Amino acid sequence: MFDRLATDPALAAARVLATATQERAAADRAEARLLVAACDWADLHPPESIHLAACFDAPPGSEREEQIAGQGCPLVAEFSLAELAAALGMSTTAGKRLVGHALELRHRLPRLWHRVQDGQVQAWRARRIAEATIHADLEPTAAAYVDRMVAPYAERIGVSAIDRLVAEALARCTTVTDATIDDENSCGHDPRHVTVHDPLAAYDTTVRVEAEVDLADALARGAEELRALGSTAPLDVRRSRALGHLARHQTALDLTTDQRADSDRDDPHTPAREVVLHVRLAAAVTTRGEVHLDRLAELEEGPRQVLLDQVRSWCAASHTRVTIRPVLDLAEQIRAPGYAIPPRLREQVVHRDRTCVFPWCSRPARRCQVDHVTPYDPERPDTSTGNLAALCTFHHRLKTHGGWSYTPLGPGEYLWRSPHGHHYLHDHTGTRPVDRPRPRP
């Protein structure tokens, strides 16, 4: 058989195409069944499943019901979403979005839901439409109108066409005026937004910004003014610089009088940008006592790598304040006498864990809380390096009130156990499940 495929390229190509088509169809069916499973999980965890929901003296931070889809969709017990997300190998936010899309499709977009389950529309197309209707916070009648408009054509069009068709349906069923925007019961939808896409690795120290603005703002001639002032940069680069001027609250007069638009030198008339960046630099000391810095620096915000030359240019610019903190030994055991965590100990935990240590959570540790792994006991206090970890607010509540537990195995390494008995190992490289294979039911 393999010899025949090797000698007949047409037969080999047909076989590859058939295999690819079959695998794509199988993946689409699996994604449709995953949406059903997400709905089933939500049905198993209604607000009534929260045992403290009916108590008036429920402790602060305990579990509560959550609306994760549009009006008319059932509420869900919020802690249950973390269990499903971890089992699927995704963050809690991604798992919440999956369940929300499934509920939105089943309850508010039934035509689209049935077409997905019949194999006529791919799940990712339906989820993109569900995300738009959830984001618009439409009333059920408006969502039904979008369903009638979009469902018959969802499988025939691409991503951009889907977005345009949803936007047209939203525009036809809503009227955006000052009155409707102010009325919280209206279905008015303002599509304007600015989204900053922060890549995980960008050596050129740039980020991608996606924006939807008023037509008059989009036709502003800032890029043409830069060209008239002598800029030879491409159009897209001039647009980016013009947007940077606007972001720094640059007035039109300052923009037209700035004769150094293409220069990296600072303009004293331009308001200084206030950006706080935490940069880690690896250094080595030679036998002569000279300090050599690694050519790559780690930027905590992101995180991503930047070149040392870029860090030098940031520090050399005027209006820049540089703060150098003492080097922390991440292996040192620091102890505090009481419950409060001193700044030096907190800083050590932030640098050691880098992110929230819950499975698949990527929230930066600097924006997290510091949790006592073993609950604090005034009689035997243990506020030390080995008993502290970075947890974001939600996962801190989940660990305290949701039945999750974890054990430190080493610096920055934690073994988690879910309420359903699943185990996950989290370290600097990420998260992986460590459960033994279970027999099929």
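Every read-out reported here was derived from the displayed coordinates using simple, explicitly stated rules and does not represent laboratory data. Predicted model, so just to flag it, every value in this text is computed and none were measured. Don't worry about glycine lacking a Cβ; one is built from the backbone with ideal geometry, like all the others, and counts go over all protein chains shown.
Charged neighbours of residue 110, selected by a Cβ distance under 14 Å, balance to +2 (K, R count +1; D, E count -1).
Protection proxy ranking for 406-412, 157-163, using the average of other Cβ atoms within 10 Å per residue and placing the highest first: 406-412, 157-163.
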